[in-house]
Every structure is written in C-alpha cells, then in structure tokens.
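S.K.: Pasting in a structure now, in structure tokens, and then I'll have a few things to ask.
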Amino acid sequence: RNGTPDGNAFGFGVGSRHEKFLQEIPGLWHRIEAQSAPVTRMRIIGRNNLCQEMLVKLEEVDTKKRCCVSYETSCESIDADQRVVTTTNGKKINYDLLVGSDGVNSTVRKLLVETKGLTEERYLRNKFWKSLKIPKQAPNVLSPRDFKLLTHPSFKGVVFPRFPEGQTALVFWNDSCPQNPKGIETIGDLTRAMTQAIQPKASKWDIAANVLFSGFGQNKASNTGEIRVEFDDDECKRFVESKTRRENYIKLDRYHDTASRIALVGDAAHGMYSLLGQGAACGFLTASILAKSIQKAGGDIPTALENYSAVAVPEGHAIADLNLLPHAIFGSLVAKLLSVPLLLLNALRGKLLLKRVVSDDVTYQQIYRENSLLVMVCRYFWKKDRVPFFDTKTKLA
C-alpha cells in the first residue's frame, strides 16, 4: 500500500497544471499542500506521498465501495480478445474497459504494439541519470525554496527542495561512462564533485539558463568564499553503487485500441524527459480527457476511446517534443548558438517557455506552435543523439 521504496525517485513538481486537476477532487489539494515542499511557482512532492494521498481520498469518497484495490500483485497476462486480465496471484478479472497506467515500461502498451498494430516510436536519451538526497543545509548554502543548477566538467544537473526538508540533486552525464560520472568512483569523489558543482558560476550559458529557468527561481548564493555542503554518507554510498537510468521518449499513433477496449494514460502513453516537469501533469491531463470522453459518450466505450485519442494524442506529442530542449541548450556550441537566441526572443515577447508550460491556461499544442522553430532545432540534434530502445532485461531504461 505504501508504494515501492526507490532511492532514485526524485518526486514530482506540482504546478498550476497539476493543481487544476487535483482541485476537481474536493479536499485533495489541501492534503497535497501538507505533504509537499513549496518552491517558486510549484510544489515538490514524493511519488509515494502523492499516490498515498490520492488513494486515501479515493477510499473516503468511495462510500459505496465500488472500487477494489489489490495489493502485492500485478498483471501476469491479458487476453485482449476475451477481455480478461490474469494477475500474478492467479485471479482472473473480466473488464469492460482496461486502462493501462503502468508506466514507461508498460505491459499493456507492449501488448497493443505487438498484437494490435499500435505504432510506437521509442528512444532513450544519450545521458544516464541518478539522484542524490542532500540533507538540510543553511539557507545561505542551498535555499529551501529555489532550484539551483549544477555545473561540473563530468556532469550537469539541478538541485531542488525535498519534503519535509533537505534537497534532491538530479545528475545527468554522458553515456560513455556507464556507472557514474567520469572521475567518481568513491564517496569522497562524489562529495568533492558535488561541492564543486554547487559553487556559484556565471558563464554566458549559465546566464542564458537562468533566463530560461527564471520562472522557477534560482538560488542566489554569494560569490564570496566557497560554499560548504554537508552530505549523508549512506546516501552517497547508495548513489555510487546504484544502477543508472535513462529518460525515455515515447510517441504512439493512438492511446487506445477499440476492439479490445483498452486505453493508455500517463507514461504508458507518452514518455518524455523531465526537464519541463510535465510528466505527471500530462498524466493527469490524459486521465481527465479519458474520463470526460466516457462521460460525454454516455458509456459508449468504443466512441469514448476514439474521442479520447483524438484529443489526447496531439497534446502528448506536443509536450514530448518540447521536452527535447536539452539536446539544444545543453548540447554542442552550434546547438546552443541556434537555440538560445530563439528562447530569448520568445522571452522578450512575453512568452517565456517555462512559464508558459507551467501555466494552466494554454495548451501544450499552443506552446509548441509558439516554439515550432526551436522544436525543429531540438529534433535535429535529438536525431543525432538519441539511443534506440531495445526491450531486453539488460537494457538500462
């Protein structure tokens, strides 16, 4: 019930887009506020905390006990033609509508790709990532309310607040080093590198990045003297020894199969990078679109599924492409020279990309149109950098 412990989990950024959907459930948003860390223009909440609060609220409102939650089991197989799901504990469940919300490595999506003609475009980012939990620091070291960019010769990343205290560092590095960033083999290597990365810097690219991320605030530590950061040895040991991961890019031609009455939502439908912090928001969006499509169709599931994909797919494609931004702004010199002016131009027009993305009054498709030339540049360099996905147990994803 309390979720699966995951040392690499780094939480969700919950902004106005997320709040828009969570507010539709009376009383839920107040629970989220109580379990999250406030930062500029959003809140940070752990994955398990968010799931737990939503589950508790579901049980409160389900007074007629129409919902049954099964723990300590998972999907073993799906007979899409007979519409039967078999779980790992041997239970067979007949369904009228099966919703696959089983994440980026979705079993349900794999079934539809292999047997129902669903077209999948899936690649991995050419970076590995890990996260590091940092204990609470003095405010002049790391602000409890702001993001801070990490800059180091071996890696890039960001530090952001964690509930109830402390920070999380999200670290990315080139996939030529399969276990850890170059030069990091021990706890001492990690603490020295992280301390160096946290020191204030102001290169021209950092300034441009600050403009991009100005909607989220930046930690404005003094440039006088070295910032001394405290680390937790157990967390550093976990970081050094843990497996690496990659971010996914997933596009599907549709988010459903009419004949088998299956729909996909969340990361099962639209895998994307984490830069813009919209994975969970897009998951809430697709779930909301599906629910409203069923309601509008009066229970006609086939019609509802067709309408669902017609609305949800363009939004999912738009935000997945917008999240390809790292291939340009953190890429080669040529990529930066092409992309940063486009970002600054939109900022001068009052349409700063990151502020538009976290706003709940503009669609992802509209933001895509406003940044179509930038997306074109990003996709060009993405095609050079991307790593094909191979569905094997040894592939890191």
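The values are calculated or read from the model by the stated rules, or taken from the named source; none is laboratory data. Since the model is a prediction, treat every value here as computed from it, not as a measurement. In this analysis, Cβ positions are derived from the backbone assuming ideal geometry, glycine residues included, and neighbour counts consider all displayed protein chains. What goes into the accessible areas is simple: the full protein's heavy atoms, side chains included, and nothing from ligands, DNA or RNA. Shrake-Rupley method; radii C 1.70, N 1.55, O 1.52, S 1.80 Å.
S.K.: How long are the semi-axes of the equivalent ellipsoid of segment 267-397, taking √(5λ) for every eigenvalue λ of the Cα gyration tensor, in whole Å from largest down? Each step should come with its number before you reach the end.
M.R.: Values: eigenvalues 176, 85, 24 Å².
Those come to 30, 21, 11 Å.
S.K.: Å³ per residue of the Cα convex hull, for segment 268-313?
M.R.: Details: hull volume 2.9 nm³, N = 46.
Output value, Cα hull per residue: 63 Å³.
S.K.: Further question on the same structure: Tell me the carbon and sulfur percent of the accessible area for segment 29-97, rounded to whole percent, probe radius 1.4 Å. Working shown, then result.
M.R.: Numbers: 2130 of 4510 Å².
Carbon with sulfur: 47 percent of the solvent-accessible area.
S.K.: Under the definition of Cα pairs under 8 Å and six or more residues apart, what whole-number percent is the relative contact order of the chain? Could the numbers behind the result be given before it?
M.R.: Details: 635 pairs, mean separation 73.5, N = 397.
Relative contact order for the chain comes out at 19 percent.
S.K.: To continue, here is another question. Set the Förster distance to 22 Å, then compute FRET efficiency between Ser176 and Lys237 from the Cβ-Cβ distance, nearest 0.05. Don't skip to the end; give the middle numbers.
M.R.: On the way: r = 24 Å, r/R0 = 1.08.
It comes out at approximately 0.40.
S.K.: If you don't mind, another one. Of the heavy-atom accessible surface of segment 244-397 (probe 1.4 angstrom), what whole percent is carbon and sulfur?
M.R.: It is 58 percent, rounded to a whole number.
S.K.: So between Lys91 and Cys68, what do we pick up on full extension, going 0.36 nm a residue minus the alpha carbon distance? Show your work: numbers first, answer last.
M.R.: Details: separation 23, 0.36 × 23 = 8.28 nm, distance 1.32 nm.
Once the chain is fully extended between Lys91 and Cys68, it gains 7.0 nm.
S.K.: Here is a further query. Sorted by mean Cβ packing within 10 Å, highest first, what order do the peptides 148-159, 106-117 take? Show your work: numbers first, answer last.
M.R.: Working: 148-159: 20.2, 106-117: 17.9.
Answer by packing, highest mean first, reads 148-159, 106-117.
S.K.: Which residues among segment 141-171 fall inside the zone where the amide N is under 14 Å from a point 7 Å beyond the Cα of Arg192, along Cα→Cβ?
M.R.: 153-154
S.K.: Using a Förster distance of 45 angstrom, determine the FRET efficiency expected from the C-beta separation of Lys292 and Gln199, and round it to 0.05.
M.R.: On the way: r = 49 Å, r/R0 = 1.08.
That pair, Lys292 with Gln199, gives E of 0.40.
S.K.: At a 10 angstrom cut-off on C-beta neighbours, averaged per residue, how do the peptides 180-187, 126-133 rank from highest to lowest?
M.R.: Ranked from most to least packed, the peptides come out as 126-133, 180-187.
S.K.: Return the FRET efficiency for the residue pair Ala310, Glu120: r is the Cβ-Cβ distance, R0 is 22 Å, and the value is rounded to the nearest 0.05. Please list the in-between numbers first.
M.R.: Working: r = 19 Å, r/R0 = 0.85.
After rounding, the FRET efficiency stands at 0.75.
S.K.: Further question on the same structure: In the set (i) 13, 26, 29, 17, 14, 2, 0; (ii) 25, 59, 16, 0; (iii) 22, 51, 26, 1, which value of P(r) over Cα pairs in 20 Å bins from 0, in percent was calculated from the structure you see?
M.R.: (ii)
S.K.: Could you work out, for segment 128-204, what percent of all Cα-Cα pairs fall into each 5 Å distance bin, beginning at 0 Å and stopping at the bin that holds the largest distance?
M.R.: Using 5 Å bins, I get a P(r) of 3, 16, 26, 26, 17, 9, 3, 0 for segment 128-204.
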